[in-house]
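Engineer: I have a structure here, written as structure tokens, and I will follow up with some questions on it.
The values are calculated or read from the model by the stated rules, or taken from the named source; none is laboratory data. In this text the structure is predicted, and so the values were computed from the model without any measurement. Ideal geometry is used to build each Cβ from the backbone, glycine not excepted, and the neighbour counts take in all protein chains shown.
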Amino acid sequence: MTHEDDDPTNAQGSDDSARETEKKERVLHTRIPAMLESELKAAAAALRIPVSNLVRTILEDAVAMADRATGRVESGLERAARSVAAERERLRERVKKLDPLANAVAFQTVVVASPTECSSCGNSLEPGDDAALAITNRPGPKLFVCTACIPRRGARSEDDGT
């Protein structure tokens with residue numbers, strides 16, 4: 001706090017006063033270890049500058065470095081987030097293209113007890129509908145198929161080439 005701040009005659013509404021207030025340097029008091037004080041005084045003496053100028057320069061440089069480092073970290077995180085989002089979308093597209101029944105090793109005929117949908121064509125399966133439960137060689141959700149999508153006995157898949 002400066003003495004001018006207490007002066008009631010100071011014209012605080014004027015532009016000059018506002019600019020002066022912005023330009024005024026402030027005093028910041030802090031406690032430091034005795035060893036740091038002696039090192040700062042020795043460094044200031046070697047550079048032939050006042051200790052306050054040395055401390056101000058060190059603080060300004062530290063703040064500037066922290067700002068630059070923060071900016072680099074932020075931009076790195078933004079790049080990583082964009083990369084993760086793009087990879088997630090790419091994987092979603094790949095998963096959509098996968099045949100959900102590719103790992104089916106058998107189909108068990110069932111009567112549907114609760115509403116669900118065919119894993120192959122997406123048609124609704126209502127309670128009481130005939131369907132098949134796909135038994136797969138991998139863990140995952142239960143896959144039901146409608147009667148139209150159940151592979152028929154003796155029918156060969158397109159992958160067999162026959």
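Engineer: Of all residues in the range 104-117, count the ones that are assigned to a loop (DSSP other than H, G, I, E, B) and either within 13 Å of PRO151 (Cα to Cα) or among the aliphatic types (A, V, I, L, M) (or both).
Structural biologist: The qualifying residues number 2.
Engineer: Sticking with this structure for a sec: If I ask for residues that are among the hydroxyl-bearing types (Ser, Thr, Tyr) and exposed (fewer than 10 other Cβ atoms within 10 Å of the Cβ), which ones from the range 80-132 would you list?
Structural biologist: SER114 - this is the single residue of the range 80-132 that is among the hydroxyl-bearing types (Ser, Thr, Tyr) and exposed (fewer than 10 other Cβ atoms within 10 Å of the Cβ).
Engineer: Within the range 80-89, identify whether any single residue is of a type in the set (Val, Ile, Thr) and either in a helix (DSSP H, G or I) or under 30 Å from LEU133 (Cβ atoms) (or both), and answer yes or no.
Structural biologist: For the range 80-89, residues of a type in the set (Val, Ile, Thr) and either in a helix (DSSP H, G or I) or under 30 Å from LEU133 (Cβ atoms) (or both): present.
Engineer: Let me ask something additional. Quickly run through the range 132-155 and pick out the residues that are assigned to a loop (DSSP other than H, G, I, E, B) and out of contact with any strand residue (DSSP E or B) (no Cβ under 9 Å at 6 or more places or on another chain).
Structural biologist: ARG138, PRO139, GLY140, PRO141, ARG152, ARG153, GLY154, ALA155
Engineer: Tell me, which residue of the range 106-123 that is hydrophobic (A, V, I, L, M, F, W, C) and either under 12 Å from LYS142 (Cα atoms) or within 42 Å of the chain's Cα centre (by Cα) (or both) is modelled with the lowest pLDDT?
Structural biologist: For the range 106-123, the residue satisfying everything is CYS121.
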